[in-house]
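Participant: Dropping a structure here in structure tokens format, bear with me for questions.
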Ligand code: SAM
């Protein structure tokens, strides 16, 4: 049974937050780290509950891709044990595993993650300047993150991407520096529009649209559009290099009509859209109740998806939303 919503969108891509805490305080996400305990009323899903949930998703609901995010997924205790367990599911069912990480704790885990079948890594790095990185993230992990990116590229993952949230007067002057730096590497750069979330003090004057970003890169490089099925990212080859770049235009040009994503928060709440403010169904209570069968849980997930809206609200409405912070949702 496929996960299909009321608008005929097939949901075969699930993003699961493994933890609602982070070791960084990025200015655009978690500036005060005040949301570290946002979800503390509900304990996070245990590894056993996550295993059961992922089994239901990939076995019964035909999910093809699971991405783990957070908070910072790799700060969770015994995280490698978790990926070892998930590897056993991967041997039975055909699905891809991705991780989105800030790279601070990644380097020593890379080989194990690769052995456990992780296919795709997205590593966040918003600047190539160590001093600016400290200003953006509130911590000094620049060297570890950059070293992780280099090691990840050498190991053989199916895909390694660098995610950079671009903000005016913060790092918009570095778009071409990113291309210069990575142009000889087998990597994808993803430039992300700055989005409003509760607590990130979103400010229109710092917003840069994907078209403005592209114009800046066009001034130095020749870009060739890559046709892709989904519209989540607007992808280009940088001609004469090995580099692919993608722009994530969630704000200026939403891609809701082709959305195939469903999110599950660290505490097990279903989040039909990154921006849906109300918490949808809480799966933890069903997963921890042995009298409820996997078939029932699959049905609950399917029913909850029927409440998904066709498109997310306008940016003016998004800035008003309460209780919609990246830390608990999982970006
Ligand atoms: N800690 C991990 C990391 O840093 O990649 C995973 C969680 S983080 C919330 C996931 C992604 O969301 C990161 O690529 C981050 O840059 C992005 N993100 C966070 N806040 C954002 C915002 N306000 N606008 C756009 N992207 C944002």
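The values are calculated or read from the model by the stated rules, or taken from the named source; none is laboratory data. Since the structure is predicted, the reported quantities are computational estimates derived from the model, not experimental observations. Every residue, glycine among them, receives a Cβ derived from its backbone with ideal geometry; neighbour counts consider all protein chains shown.
Participant: Out of all the residues in the range 215-243, which are out of contact with any helix residue (DSSP H, G or I) (no Cβ under 9 Å at 6 or more places or on another chain) and more than 20 Å from residue 153 (Cβ to Cβ)?
Facilitator: Across the range 215-243, the qualifying residues are 215, 218, 222, 224, 225, 227, 228, 239.
Participant: Hey, does the range 44-62 have a residue that's crowded, with 17+ Cβ neighbours inside 10 Å and within 16 Å of the ligand (Cβ to nearest atom)?
Facilitator: Yes, some residue in the range 44-62 is crowded, with 17+ Cβ neighbours inside 10 Å and within 16 Å of the ligand (Cβ to nearest atom).
Participant: Follow-up. Kindly evaluate residue 78 against the criterion of being away from the ligand (no atom under 14 Å from the Cβ), closer than 22 Å to residue 20 by Cα and more than 19 Å from the chain's Cα centre (by Cα).
Facilitator: yes
Participant: Here is a follow-up. Checking residue 92 against (1) closer than 27 Å to residue 296 by Cβ; (2) touching a residue at least 40 places away in the same chain (Cβ under 8 Å), only one condition comes out false. Which one?
Facilitator: (2)
Participant: Now, a different point. Suppose we filter 86, 166, 99 for residues that are in a helix (DSSP H, G or I) and touching a strand residue (DSSP E or B) at 6+ places or on another chain (Cβ under 8 Å); which single one remains?
Facilitator: Checking each option against the conditions leaves just 86.
Participant: Just to be sure I understand, how many residues within the range 227-243 are under 18 Å from residue 162 (Cα atoms), assigned to a loop (DSSP other than H, G, I, E, B), without any contact (Cβ under 8 Å) to a residue 60 or more places away in the chain and touching a strand residue (DSSP E or B) at 6+ places or on another chain (Cβ under 9 Å)?
Facilitator: Final tally of qualifying residues: 1.
Participant: Check whether at least one residue in the range 143-163 is more than 13 Å from the ligand (Cβ to nearest atom) and over 30 Å from residue 80 (Cβ atoms), and report yes or no.
Facilitator: No, because not a single residue in the range 143-163 is more than 13 Å from the ligand (Cβ to nearest atom) and over 30 Å from residue 80 (Cβ atoms).
Participant: Can you run down the residue pairs with Cβ atoms below 7 Å, 6 or more apart or on separate chains, where the first is in the range 195-207 and in contact (Cβ under 8 Å) with a residue 40 or more places away in the chain and the partner is more than 10 Å from the ligand (Cβ to nearest atom) and not in a loop (DSSP other than H, G, I, E, B)?
Facilitator: 196/315; 196/318; 196/319; 202/319
Participant: Give the range 254-264 a look and list any residue that's modelled with pLDDT under 90, in contact with a strand residue (DSSP E or B) (Cβ under 8 Å, 6 or more places away or on another chain) and either within 16 Å of the ligand (Cβ to nearest atom) or not in a loop (DSSP other than H, G, I, E, B) (or both), or say none.
Facilitator: Of the residues in the range 254-264, the ones modelled with pLDDT under 90 are 254-261.
If we keep only those that are in contact with a strand residue (DSSP E or B) (Cβ under 8 Å, 6 or more places away or on another chain) too, we end up with 260-261.
Within the range 254-264, 261 is the sole residue that qualifies.
Participant: Have a look at 71, 117 and point out the one that is at pLDDT below 95 and not in a helix (DSSP H, G or I).
Facilitator: 71
Participant: When the range 112-132 is examined, which residues are found to be within 13 Å of the ligand (Cβ to nearest atom) and either over 18 Å from the mean Cα position of the chain (by Cα) or farther than 13 Å from residue 155 by Cβ (or both)?
Facilitator: Result: 122, 124, 125, 126, 127.
Participant: Can residue 33 be described as surrounded by fewer than 22 Cβ atoms within 10 Å (Cβ to Cβ), touching a helix residue (DSSP H, G or I) at 6+ places or on another chain (Cβ under 7 Å) and modelled with pLDDT under 95?
Facilitator: Working: surrounded by fewer than 22 Cβ atoms within 10 Å (Cβ to Cβ): yes; touching a helix residue (DSSP H, G or I) at 6+ places or on another chain (Cβ under 7 Å): no; modelled with pLDDT under 95: yes.
Taking the combined requirement at face value, the residue does not satisfy it.
Participant: Please state which one of 279, 267 is at pLDDT below 75, under 20 Å from residue 43 (Cα atoms) and part of a loop (DSSP other than H, G, I, E, B).
Facilitator: So the residue among 279, 267 that is at pLDDT below 75, under 20 Å from residue 43 (Cα atoms) and part of a loop (DSSP other than H, G, I, E, B) is 279.
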